[in-house]
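Below: one structure, written as structure tokens.
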Amino acid sequence: MKSISAVDLHFLTKELCILQGALVDKFYAHDNDIYIRWYSSQAGKPLLVITPKILFLQKKKPAISTASGFCQWLRKYLDRARLTSITQLPGQRIMRLVLEKEKTYHVYIELFNKGNIVVCDDKNNILAVRERQAWKDRKVAPGEQYTQEEREFLLTQTRDNILAQLLASPDNASKSIARYIGKHYALEACERAHVDAQATITTENAQSLATALATFAEEPLAPQLYGTPDHIELITPFPFTSLDDSTPLSSLSKGYALIYAQTIDIPPSPYEQKLEKIKERIRAQEERKQMLRQEAQENQRIGELLYEQYGTISEILDGIKKAR
């Protein structure tokens, strides 16, 4: 499953702001995924699904009975905590949830590489992690300081700053933009600016590209699915003029949930198991019914043959009696 981009997360964060002020109702776990059930007077009781690659809201909780050590830690310290802030670290595939209980907790959701969830105090000292990680110059483990490289996010910069970065690039139009926001958004920017994706950056086309890019961040959410629900090619936060034949979605979460459903194997719920047993019983009864119907037809045919050949059979039986 492909990770969502920093641009996708920018728009998803806007969508998830509906959770602000909600209370944590319960934590669940399944493999490397964490589920947070919220209680909100505005949004009801949605479930935030956090995977190593994507996250989204849905209503229904899968049949999950496991609770990892990390999940148990979350339940112990963060159940009934209130979400006071939900933001994206600029230009990164990292979402930060600020939760308030007796203390303030910062929960960092990393959606790159293997993914991770890091819980810190209000000074970014790590308290718990879903997975301990270590590199040459960075360690993610309890007791360490949580740090991330600061990045400038192209979509939140001024048009003049965007223009300066484009003019400084030695690459063509598409590559110059893709290094900041990815291939799909780069091609869309070129389409909106009426600039060939392979064109060399010039003062003139950079002006058009900067204008197109400056409008991206303020695009209203109007999620689209390209492809089919069974074969999803792309989920976008707004319609792309560079692509055809999209299907409107009620939310980005809806699209990401469709992607997630194609990649995970969650055991059926008790209700689904019971329903499947009933269906199996009905199938067996139908097969038995068909077999009895076939036997009845065969017996009926035997009876008809006996009736049709009654004279011949009677003569044979008489002959046997006389022979005795």
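Figures for the structure shown
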read-out	value
Additional length obtainable on full extension of the chain from Ala141 to Thr87, 0.36 nm per residue less Cα span	17.2 nm
Proportion of all alpha-carbon pairs of region 1-73 beyond 15 Å (%)	57
Simple label model, 7 Å out from Cα along Cβ direction - Asn113 to Gln290, nm	5.5
0 to 90° range, to nearest 10: angle between helix 310-323 axis and the chain longest Cα axis	50
Virtual spin-label span in nm between Arg151 and Gln198, 7 Å along Cα→Cβ	2.8
Ranked by how many other beta carbons lie within 10 Å on average, peptides 147-155, 52-60 from highest	52-60, 147-155
Computed label-point distance, nm, for sites Ser169 and Thr241 using a 7 Å Cα→Cβ extension	1.8
Helix-only CD estimate at 222 nm, as mean residue ellipticity for the chain, using -39500 (n - 2.57) per DSSP H run (n ≥ 4)	-12500 deg cm²/dmol
Size descriptor, Kirkwood hydrodynamic radius, that averages inverse alpha-carbon separations across region 158-261, Å	14.5
Helix axis angle, 183-193 relative to the chain longest principal axis, alpha carbon, degrees	70
Cβ charges +1 (Lys, Arg) and -1 (Asp, Glu), total dipole of region 158-261, debye	280
Computed E for Lys279/Lys45 - FRET, C-beta separation, R0 41 angstrom, nearest 0.05	0.85
Which labelled figure in (1) 18.2; (2) 19.9; (3) 30.5 is mean projected area of the Cα convex hull in nm², once derived from the coordinates	(3)
For a label point 7 Å along the Cα-to-beta-carbon line of Asp25, residues of region 38-62 with backbone N under 18 Å	38-50, 56-62
Max mean-square fluctuation residue, GNM over the chain, Cα-Cα springs under 10 Å, options Gln290, Gln262, Gln133	Gln290
Residue of Lys76, Lys175, Lys26 that the Gaussian network model of the chain assigns the largest fluctuation, springs spanning Cα pairs under 10 Å	Lys76
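Read-outs throughout are calculated quantities, based only on the coordinates presented, and are distinct from any laboratory measurement. Bear in mind the structure is a predicted one, so any value in this text is a computation, not a measurement. Note that each Cβ is placed from the backbone with ideal geometry, even for glycine, and that neighbours are counted across all protein chains shown.
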